[in-house]
1. Quick one: if you stick a label point 7 Å off each Cα along the C-beta vector at residue 190 and residue 300, how many nm between them?
2. Once you put a point 7 Å from the Cα of residue 155 and another 7 Å from the Cα of residue 211, both along the Cβ direction, what distance in nm separates them?
3. Going by amide H atoms built from the backbone, whose H comes under 5 Å of the H on residue 209, apart from near neighbours?
4. With a 1.4 Å probe and all protein chains in place, put 307, 315 in order of accessible area, largest first.
5. Quick one: if the Förster radius is 35 Å, what FRET efficiency do residue 201 and residue 370 give, using the C-beta to C-beta distance and rounding to 0.05?
6. How far apart, in nanometres, would the label points at residue 50 and residue 103 be if each is projected 7 angstrom from Cα along the Cα-to-Cβ direction?
7. Between residue 256 and residue 278, what FRET efficiency follows from the Cβ-Cβ distance if R0 is 25 Å, with the result rounded to 0.05?
8. Can you compute 3J(HN,Hα) from phi for each residue in segment 287-294, using the Karplus curve 6.51 cos²θ - 1.76 cosθ + 1.60 with θ = phi - 60°, rounded to whole Hz and x for Gly and Pro?
Amino acid sequence: MAPPERDQAYMARMRSAEGILRTLWSNSVGMADKLLPNPEITALLADVRRDFFENGLALLHWAVDEHGAKNSLSASDLAAEFVPYLQSSEQLRTAIVTQSIRTLERDAAKALGSLVNSAALTLGILAVLVVVAVFFSRALFSPLMRLHSDVLALANGNNDTPRPVPAMAQEVDDIFAGLAILRDHIGAKRALEEEQRRLNRRLRRLAETDTLTGLLNRRALLTRIDAVFRRADRIGETLAVALFDIDHFKLVNDTHGHAVGDEVLAGVARLVESTLQSGDFLARIGGEEFVIILRHMDETTAFGRLERIRLLLAETPVQTATGLSVTASFGMAMRPAGSEIDWDGIFSLADQRLYLAKNNGRNRVVVDGISPETRRRA
């Protein structure tokens, strides 16, 4: 016979195990009701509660109470009595597994359907996006890129009409229409600017050119002479400045008329200009007076050049209808490179020598001496 202390320990462990089983059962039943709401499972749960927790556990308590102390109930007899109460538990397990599989299969089918639907929806969206992208590319983006290129070309001065643009969004079409208007306005503005520049050049030529002879006038000569002197100083160049005056020109006007006199002035200008070298200057400074500036000259060479011009004038008709030729008087002054003499000074010196040439009989070149009378005309 088992000691009372051991029976009490068995009973304590049994009550503890029973409490754990009932707690687990309670939690499991709650989960089963939520996860597997099925009438078959609900009925089996009631069977298990009745067979195991009411009858089976009661059998175990009876076995312990009646046979535990005397150990008079064999294991096979206990099993034969207890196992039938576990059949409903096995059926419940099978039903739960079956129902779980069905639920998983159903959920898998739903998931697959959802996946297929999602894939189809995604493909549809992608197709729409492709169509939209192609449409916007043709109707918006491509024209906008063309618009960008056309604006850059216009900004860089290219006012050519661009090639036609395919169909596009109305808003972009409006922008291109505005760009075309802008291009027309810019073209008109540039045409006006070019016309203004052409008129300015013409006005400048008129302002700087003697209308009768086509030579530089006094104003243009005075505007340029400082730059000519600075360049000569920079490169070490000696200049010859000569003034010449047509002899007895008043007599030409009085005898033949002012129209012939004008033709004589123009003929003299053409003849003298034909003798000049590159970089030389010839200007009419008023009436029958002219200025010649010869570059790269020493005094001897400059005198020789002016003598040839003087002789050419005396021997060559300068007015076709009458065959009239004229003589001229020349006064020359040299300006060495780096000289401090300015235009007023060099002009005054050449003018005084022209005055000496006039007083000494005309038709000559004077390269030295100072007139006792000073005529300042610069």
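1. 5.9 nm
2. 4.7 nm
3. Long-range HN contacts for residue 209: 217.
4. Numbers: 307 40, 315 140 Å².
Reading off the accessible areas and sorting them downward yields 315, 307.
5. Values: r = 42 Å, r/R0 = 1.20.
The value I calculate is 0.25.
6. Inter-label distance under the simple model: 2.5 nm.
7. The computed FRET efficiency comes out at 0.10.
8. Ordered by residue, 3J(HN,Hα) equals x, 9, 9, 9, 10, 10, 10, 10 Hz.
The values are calculated or read from the model by the stated rules, or taken from the named source; none is laboratory data. Everything numeric here is computed off the predicted structure, so don't read it as measured data. Cβ atoms come from the backbone with ideal geometry, glycine included; neighbour counts cover every protein chain shown. Heads up: the accessible areas ignore ligands, DNA and RNA and are worked out on the full protein's heavy atoms, side chains in. Shrake-Rupley method; radii C 1.70, N 1.55, O 1.52, S 1.80 Å.
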